[in-house]
Ligand code: GUN
């Protein structure tokens, strides 16, 4: 392998150690950061994600409350729960696990979370603040991507960053956060023509598509930084959106799947929870 491996496990462990120290300082002041997670329905992947989030809280000293609701929960019932969490002083972060069952409007539910408690950074107020470059709570996955690049000393300023994918959760905010770091940003998506012509000009390539191994070695410039956000199940294996083995022979840096962005995303949720807690308490 030619590329340097960007080790998500190591970065996540560093961030979690920093969080633990922050939590201890807050606890010394009588403040216990609290995160509420809401899970509606029985999507198995969502259950695993939420279980991991609760475990991360336990490991770092953050109080967590997990609320599991049946798949037929009405919008009114869910909104009432969000509203009661908005009012609680022991809860500083609220996370509604997505996707929600089809009868629920995700935008309506997310918009009901108090913006200062929106630790996912999905509330339109946080999205808007991010877009205009103001301090806000930024979505965990794209914030994690930037954090990984920074912790490996990878320069973003002036370089061409290409993001494949335009979801509201990853692609679009990743582009905005890379722009904030003064990268020159191109967003590609399913309708993009001549995709590989564009990706071959990327100094930094962020892939968030959800298609197993869709980025092949011929699409990557020699020495590029390749960040793979994909998590795809192929048989009994989890693989990314990047053909890791082949691309690692061309790239300068690469993130693995598993062991890459996913772990850092989890750590960024804890970071957002501490940030939200501090803003609501010590200011
Ligand atoms: N589903 C997939 N990714 C996410 C995420 O980052 N936050 C929430 N709430 N749901 C998700």
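Throughout, read-outs are computed from the coordinates displayed, never taken from laboratory work. Keep in mind that what you see is a predicted model, and the values were worked out from it rather than measured.
The angle between the Cα long axis of helix 140-151 and the main principal axis of the chain comes to about 60°, on a 0 to 90 degree scale. Considering only the Cα atoms of the range 156-283, their convex hull presents on average a projected area of 8.9 nm². Our compactness index for the range 44-99, the C-alpha radius of gyration over the empirical 2.2 N^0.38 Å, is 1.20. Round to the nearest 10 and give me the degree value, 0 to 90, for the angle of helix 75-87's Cα axis relative to the longest principal axis of the chain. Roughly 80 degrees between the two axes.
With 0.36 nm allotted per residue and the present C-alpha distance subtracted, the residue 75-residue 20 stretch has 16.2 nm of extension available.
Counting only DSSP beta bridges with both residues in the range 149-283, the antiparallel share comes to about 15 percent. Based on the Stokes-Einstein relation at 10 °C and a viscosity of 1.306 mPa s, and on the Kirkwood radius from alpha carbon pairs, the range 70-157 is assigned a translational diffusion coefficient of 109 µm²/s. Go from 0 up to the bin containing the longest alpha carbon distance in the range 143-200, width 5 Å each, and give me the % of pairs per bin. Computed distribution, short to long bins: 5, 19, 29, 25, 16, 6, 1.
With the alpha-carbon atoms of the range 196-249 aligned to their principal axes, the span from lowest to highest coordinate is 33, 20, 15 Å, starting with the largest. Histogrammed with a bin width of 10 Å, the alpha carbon distances of the range 104-223 distribute as 13, 42, 31, 13, 1 percent, first bin at zero.
Over the chain, what portion of Cα pair distances is larger than 35 Å, expressed as a whole percent? When every Cα pair of the chain is considered, 17 percent fall beyond 35 Å.
The Cα atoms of the range 1-155 cover 51, 40, 35 Å along the three principal axes, with the biggest extent listed first.
Which one of 26, 95, 269 has the biggest mean-square fluctuation once the chain is modelled by GNM with Cα springs under 10 Å? In this elastic network of the chain, the residue with the biggest mean-square fluctuation among 26, 95, 269 is 26. Relative to the longest principal axis of the Cα atoms of the chain, the long axis of helix 261-280 makes an angle of roughly 40 degrees.
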